[in-house]
Amino acid sequence: MICFVTEQASPRISDLARADNGRVQTPDYLSGLNPEQREAVETTEGPVLVLAGAGTGKTRVLTTRLAHILATGRARPWEMLVVTFTNKAAREMRERISHLIGPDAEGLRWLGTFHSVAAQILRRHAELVGLQSSFTILDTDDQERLLKQLLEAANIDTKKHTPKSLAGAIDQWKNRGWTPEKLPPGEDFAEGKGQKLYAAYQNRLRTLNACDFGDLLLHNLTILSQNADIAEEYRRRFKYILVDEYQDTNVAQYLWLRLLTSSSGNVCCVGDDDQSIYGWRGAEVDNILRFERDFPGAKVIRLEQNYRSTAHILGAAGALIAANKERLGKQLWTEDDSGDKVRVRGFWDGDAEARMIAEEIEDARRRGIAYKDIAVLVRASFQMRAFEERFVMLAIPYKVIGGPRFFERAEIRDAHAYIRLIQSEADDLAFERIVNVPKRGVGDTSVSKILHMGRENGVSAMQIVRHLMTSDELPGRTRTPLTNFVRDLDRWRDLLKTGTPHWQVMETVLDESGYTDMQKADKTSGQTRLDNLKELVQSMQQFDTLQSYLEHVSLVMDLERNAEEESSSGSVQIMTLHGAKGLEFPLVFLPGWEEGVFPSQRSIDEKGIKGLEEERRLAYVGVTRAKRDARISFAANRMVYGRWQTQMPSRFVDELPIEHVEPQSDTGYYSPTPAQRPQSRWDDKPFAGSSHDTPGWKRAQASSNKAIYGDTGFGANLHGGNASARNTYAPARKAIVEGKARVIAPAPKPSGDWSRGDRVFHQKFGYGLVTAIEGNKLVVDFEKAGEKKVIDSFVEKS
DNA sequence: AATTCCTCCATTTTT
DNA sequence: TGGAGGAATT
């Protein structure tokens, strides 16, 4: 097990360096590294690509390398450019580094996310792209409202072309480094209006002295590529460049890095092509795949010894990812050959799956595993509810990771809008957000009139309001509240100017504007919101100036993360596979491995083989999160969007090698009467006669399908006679499509088949009598389970 | 301005 | 199925 050389135990690197007249000979911090890790740390000159597999000590290598460069005097802290993707990663790295090198870590000014570093550079040269250095960074909400206005101004149907989809398109364009002028002809939005809209949007941003997240990088590209002297200055400044999660870089980030990398190229990129799961938001795996071409003479170091998981888990994950064609290739290994095989289990339906997972969690708990050490990882968030419901029922503490963020809550945004408008009258988006919050009697009509006039005349909304106060273009009932509004704003601004701390101004504003009262009046969630606002005021106190606070919230939106992580220490974690990246848990449940769900049908439809491979990488990420136990499951039937659907197990299930997997059967998955059940891969003696290279599942599927449909009666009409022909060796793809079309619940079978008083048998509840019929649902009074509502196709007459 | 009614639509998410 | 957002209604 790797223990990070840290804290009190290890001597400070600055001391180490001094100890031997500045010459460091195999200092302690290098001693625990394996040969590859050590090579990655010590190869300081020239381009290096570290291909770090899951759980191979990537973070340790990264921080040690950084410390090593500083300790050996190769660079001063401010000569290092260190970029990460998330604030969390940046924060963790800074913490670790400061343990190693002490106060010197303060000097790491250029350690941060791509966006925060780019923002720093942009502030210094903003005027070169037509901005003032005090520019504000738009959040997605503001962005969408702005785009909506533009779409409406261009007479585009906002139903057909939503602001959101335009925001998405622009985001993708910016990810590729395209300014409006450089937009390729093929790229478009709303029948030829794409480029115009994009240009109009950029203009509008400039007027508002604002930029969006994409601009932080895009403007950097413009500045650096058009000003050779500035680019050269930065290239000289950054003696060493370190990039984490390189597989996640998009084109814009890639170009930006290249502009900052000098020809000597002391650049070290760390990543894992097998964990590239953000292609859909612009990440280019290609960046990592072609590193050696980009940097001739680059050294590629593979970290393959895994310190996280057991051999079975790695074996299963390794075989899975081996099915991908587009990869550089790594073979993870471990010295830990203890532990159980990966369990794979098929269930009759989603309920059974959730029930069993909950039971297994309770069981694990009894064996002494803490809730916080257990995770349920799903492909998409709609799969979470089933588990939440089950966990609530059994009082299993759980935490859903990845809900709405603190700064994205409406009340926080409202508060920010107030303070922004006080700070800068030109902030039309802030104005629009809160002129009538709380209700002041300024309706939508007046607001859009004001905004429109502002845009017509090229002035801010507030200027228009000041003008309207002295004219009679607005009725008195609108004019009075607006006058009061302006008066209030002026008063608050004076407070700020006369040196009242910004957080106190915030408090005053919330109280005097009536916002607090408005929330007090809300019985349902008012209290929560007030609590959030209190927290907001508190967090503002940590900043000296309003400016620095606002900068912080727009770039570092992770206030809640800390609180969340602490409070969740005693809970089972439910999260998406994407959200689980970089984390590890002793026990991991991976439910929902079904064709169409995982791999997601949409990914395959939209991106073909590339999409599928990304899904497979996601599966790989999921399995490798587990330290001791991974439990994969799938359900034959699932309620999706209110309809029962039947699906095949995921092809990924098939790709798991038998030697690392322990299949388990669940009787519910098969025909109700065990005697009629054919032998299959998932039967009591699973994998009987089938080995890794046998397409075992497909064969088994043919027979078990027959069992399901034949015996329970549903589906027989839907499939007609060709059920068996389809299943044999048909490509899985085809099966999915048909599987999707297979709607079970509203079977064409006339519901009149049932009548009150019928005696029926249900797989789970046993025998009972039908007491009512509601369409395809039956209310049955079961002898053992009591009264339940069930879908008719789930029971049979007895 | 508030309420209810209706229709539409359902990955993954960071900055 | 359920929730969100828009339209229609009071």
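Points to keep in mind about this one:
- Residues that are charged (D, E, K, R) and not in a loop (DSSP other than H, G, I, E, B), drawn from region A:48-87: A:Lys58, A:Arg60, A:Arg65, A:Glu79
Let's see how each residue does on (1) under 16 Å from A:Thr56 (Cβ atoms); (2) in contact with a Phe, Trp or Tyr (Cβ under 8 Å, 6 or more places away or on another chain); (3) not in a loop (DSSP other than H, G, I, E, B):
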site: A:Ser263; (1), (2), (3): no, no, no
site: A:Val270; (1), (2), (3): yes, yes, yes
site: A:Ala323; (1), (2), (3): no, no, no
site: A:Glu335; (1), (2), (3): yes, no, no
site: A:Ser338; (1), (2), (3): no, no, no
site: A:Ala364; (1), (2), (3): no, no, yes
site: A:Gly368; (1), (2), (3): no, no, no
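- Residues that are at pLDDT 90 or above and outside any helix (DSSP H, G or I) were ranked within region A:139-183; the one that is nearest to A:Arg281 (Cα to Cα) is A:Arg176.
- For region A:640-659, filtered to residues that are closer than 18 Å to A:Asp340 by Cβ and crowded, with 22+ Cβ neighbours inside 10 Å, the residue that is nearest to DNA strand C (Cβ to nearest atom) is A:Val653.
- Exactly one residue among A:Glu335, A:Glu284, A:Glu292 is within 25 Å of the chain's Cα centre (by Cα) and open to solvent by 40 Å² or more (accessible area, probe 1.4 Å), and that residue is A:Glu284.
- Exclusive hit being outside any helix (DSSP H, G or I) and either out of contact with any Ser or Thr (no Cβ under 7 Å at 6 or more places or on another chain) or modelled with pLDDT of 85 or more (or both), set A:Val465, A:Val437, A:Val447: A:Val437
- For A:Thr445, the conditions (1) of a type outside the set (Phe, Trp, Tyr); (2) within 27 Å of A:Glu144 (Cα to Cα); (3) more than 15 Å from DNA strand B (Cβ to nearest atom); (4) out of contact with any His (no Cβ under 8 Å at 6 or more places or on another chain) are fulfilled apart from (3).
- For beta carbons closer than 9 Å, sequence separation of 6+ or different chains, a first residue in region A:380-409 that is away from DNA strand B (no atom under 14 Å from the Cβ) and part of a loop (DSSP other than H, G, I, E, B) and a second that is open to solvent by less than 60 Å² (accessible area, probe 1.4 Å) and of a type in the set (Phe, Trp, Tyr), the qualifying pairs are A:Ile396/A:Tyr371; A:Pro397/A:Tyr371; A:Pro397/A:Phe391.
Per-residue answers, yes or no, for (1) open to solvent by 10 Å² or more (accessible area, probe 1.4 Å); (2) of a type in the set (Val, Ile, Thr); (3) touching a Cys at 6+ places or on another chain (Cβ under 7 Å); (4) under 19 Å from A:Phe634 (Cα atoms):
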{"position": "A:Gln275", "(1), (2), (3), (4)": "yes, no, no, no"}
{"position": "A:Ala298", "(1), (2), (3), (4)": "yes, no, no, no"}
{"position": "A:Gly329", "(1), (2), (3), (4)": "yes, no, no, no"}
{"position": "A:Glu359", "(1), (2), (3), (4)": "yes, no, no, yes"}
{"position": "A:Gly368", "(1), (2), (3), (4)": "yes, no, no, no"}
{"position": "A:Val376", "(1), (2), (3), (4)": "no, yes, no, yes"}
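- For region A:224-261, the set of residues classified as over 16 Å from A:His115 (Cα atoms), part of a helix (DSSP H, G or I) and of a type outside the set (D, E, K, R) consists of A:Ser225, A:Gln226, A:Ala228, A:Ile230, A:Ala231, A:Tyr234, A:Gln247, listed by residue number.
Table: residues versus (1) at pLDDT below 95; (2) more than 16 Å from DNA strand C (Cβ to nearest atom); (3) open to solvent by 10 Å² or more (accessible area, probe 1.4 Å); (4) charged (D, E, K, R).
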| position | (1), (2), (3), (4) |
| --- | --- |
| A:Glu42 | yes, yes, yes, yes |
| A:Gly55 | yes, yes, yes, no |
| A:Leu62 | yes, yes, no, no |
| A:Leu70 | yes, yes, yes, no |
| A:Ala75 | yes, yes, no, no |
| A:Glu79 | yes, yes, yes, yes |
| A:Glu92 | yes, yes, yes, yes |
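- Between A:Ala619, A:Ala636, A:Ala630, A:Ala626, the distinction of being more than 16 Å from DNA strand C (Cβ to nearest atom) and farther than 28 Å from A:Leu332 by Cα belongs to A:Ala636 only.
- Screening A:Gln504, A:Gln423 for residues that are surrounded by 17 or more Cβ atoms within 10 Å (Cβ to Cβ), modelled with pLDDT of 85 or more and more than 15 Å from DNA strand B (Cβ to nearest atom) leaves exactly one candidate, A:Gln423.
- Selection of region A:146-178 for residues being touching a residue at least 60 places away in the same chain (Cβ under 8 Å), more than 19 Å from A:Leu451 (Cβ to Cβ) and either of a type in the set (Ser, Thr, Tyr) or away from DNA strand B (no atom under 14 Å from the Cβ) (or both) yields A:Arg176, A:Gly177.
- Answer from A:Gln547, A:Gln527 - the residue that is open to solvent by 70 Å² or more (accessible area, probe 1.4 Å) and closer than 26 Å to A:Cys211 by Cα: A:Gln547
- Residue count for region A:584-611, restricted to those that are modelled with pLDDT under 95, aliphatic (A, V, I, L, M) and either open to solvent by 30 Å² or more (accessible area, probe 1.4 Å) or not in a loop (DSSP other than H, G, I, E, B) (or both): 2
The values are calculated or read from the model by the stated rules, or taken from the named source; none is laboratory data. A quick note: this is a predicted structure, and the numbers were derived from the prediction, not measured. Reconstructed Cβ throughout: ideal geometry from the backbone, glycine too, with neighbour counts over all protein chains shown. Side chains included, ligands, DNA and RNA excluded: accessible areas come from the protein's heavy atoms. Shrake-Rupley method; radii C 1.70, N 1.55, O 1.52, S 1.80 Å.
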